[in-house]
Amino acid sequence: MNECTSGIHDCPYICNNLPGTYECTCSDGFVLICDDCMDVDECTLELDDCSHYCTNTNGSYMCGCPAGYGLNSDGRTCDDIDECRLTNHGCHECTNTPGSYNCSCMDGYVVGTGGTSCQVNHNSLIFEPDVDECLLDNDVCPYVCVNTEGSYYCICPPGYMPETDECCKSIGDDCRSVPCTLEHQECTESEGTYICQCAEGYYI
C-alpha cells in the first residue's frame, strides 16, 4: 500500500513511500524537527560553498563579496573589480589593486581625504606680493604707466604709440616727411600729428 498517495499518512509536508511504510521529509534547506520543518542555517553549519560571505535565507542562502569585489555568474565566487577601468575617480593616475585602487597626483596636487581623488596642494603655492614698477620708477614710461600683476605697460599721449618701453612715436606723418606740399606752406607738429599753415604774409 502507498500510504502517501492513499492519504492515510500524517506528514505535514512531504511524504515518501517506503516498502510497507512511509517517512515524512522536508524540502531542501529544511529539516524535520518535532513534526515541523525548520530552516537549516547553511552558513552557521558551514554547508555553503561561498568564497567570501554567506547570508542565510529561508530554505537556502546567498553569497556576498567584500567591497571592491563582484559576485560571479556562478553566484558563489568573487572577483576583483577594476575600479580604474570604470573611471579615474578624480585621480590623475589610477592604479588598480586587489579590492581597491591607488590614486596618484601631478605636482602641485595631493591625494585627498580617503585617497580617492586629487586636490590642489595649497601648501605648495607661494604667493609673493606684486611689485608696482610704476611707483618704483617714475620714468619707466614717458607718459602714463599702468601696473599689472607681475608687470606693467605704458600708455602714450593721443596721436602717439609705444615704440619701446621708454619711447613713444607719432602715429601720423611728422613734418620731417614734408607733408605740406603747397608753396609757402609751413608744417607744425601738434599732439602726434601735424598742421599745414601758410607762412607769414601768405594765405590760402
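Quickly run through segment 55-86 and pick out the residues that are under 23 Å from Tyr13 (Cα atoms), out of contact with any Gly (no Cβ under 6 Å at 6 or more places or on another chain) and outside any loop (DSSP other than H, G, I, E, B).
Within segment 55-86, the subset under 23 Å from Tyr13 (Cα atoms) is 56-61.
Cutting the leftovers down to out of contact with any Gly (no Cβ under 6 Å at 6 or more places or on another chain) gives us 56-58, 61.
Once the filter is applied, which keeps residues that are under 23 Å from Tyr13 (Cα atoms), out of contact with any Gly (no Cβ under 6 Å at 6 or more places or on another chain) and outside any loop (DSSP other than H, G, I, E, B), segment 55-86 yields Asn56, Thr57, Tyr61.
Of a type in the set (Val, Ile, Thr), touching a His at 6+ places or on another chain (Cβ under 9 Å) and surrounded by 11 or more Cβ atoms within 10 Å (Cβ to Cβ) - does that describe any residue in segment 90-98?
Of the residues in segment 90-98, the ones of a type in the set (Val, Ile, Thr) are 95, 97.
Now narrow it down to the ones that are touching a His at 6+ places or on another chain (Cβ under 9 Å): none.
No - not one qualifying residue is present in segment 90-98.
Mind listing just one residue for me: the one in segment 105-120 that is polar (S, T, N, Q) and within 13 Å of the chain's Cα centre (by Cα) and, of those, farthest from Cys84 (Cα to Cα)? Break it down into steps so the answer makes sense when it comes.
Step one: filter segment 105-120 for residues polar (S, T, N, Q), giving 113, 116-117, 119.
Next, from what is left, pick out any that are within 13 Å of the chain's Cα centre (by Cα): 116-117, 119.
On the way: Thr116: 11, Ser117: 12, Gln119: 18 Å.
Filtering first and then ranking leaves Gln119.
Could you tell me which numbered condition Asp82 fails, if it satisfies all but one of (1) crowded, with 16+ Cβ neighbours inside 10 Å; (2) at negative phi?
Of (1) crowded, with 16+ Cβ neighbours inside 10 Å; (2) at negative phi, only one is false for Asp82: (1).
Rundown of residues vs (1) of a type in the set (Val, Ile, Thr); (2) buried (at least 16 other Cβ atoms within 10 Å of the Cβ); (3) assigned by TED's automatic domain parsing to the domain that holds Val31; (4) in contact with a strand residue (DSSP E or B) (Cβ under 8 Å, 6 or more places away or on another chain), yes/no style:
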position	(1), (2), (3), (4)
Glu46	no, no, no, no
His52	no, no, no, yes
Asn56	no, yes, no, yes
Ser60	no, no, no, no
Cys63	no, yes, no, yes
Tyr69	no, yes, no, yes
Leu86	no, no, no, no
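Of everything in segment 36-54 that's under 44 Å from the mean Cα position of the chain (by Cα) and part of a strand (DSSP E or B), which residue is farthest from Glu23 (Cα to Cα)?
Step by step, filter segment 36-54, then rank; the result is Tyr53.
So Leu125 clears everything in (1) modelled with pLDDT under 75; (2) surrounded by 11 or more Cβ atoms within 10 Å (Cβ to Cβ) except one condition, right? Which one?
So the condition that Leu125 fails would be (2).
Within segment 87-99, which residues are of a type outside the set (S, T, N, Q) and not in a loop (DSSP other than H, G, I, E, B)? Working first, answer last.
Within segment 87-99, the first condition is being of a type outside the set (S, T, N, Q), and the residues that meet it are 89-94, 98-99.
Scanning segment 87-99 gives Glu93, Cys94.
The values are calculated or read from the model by the stated rules, or taken from the named source; none is laboratory data. Quick caveat, the model's predicted, so the values are computed rather than measured. A quick note on method: Cβ atoms are made from the backbone with ideal geometry, for glycine too, and the neighbour counts reach across all protein chains shown.
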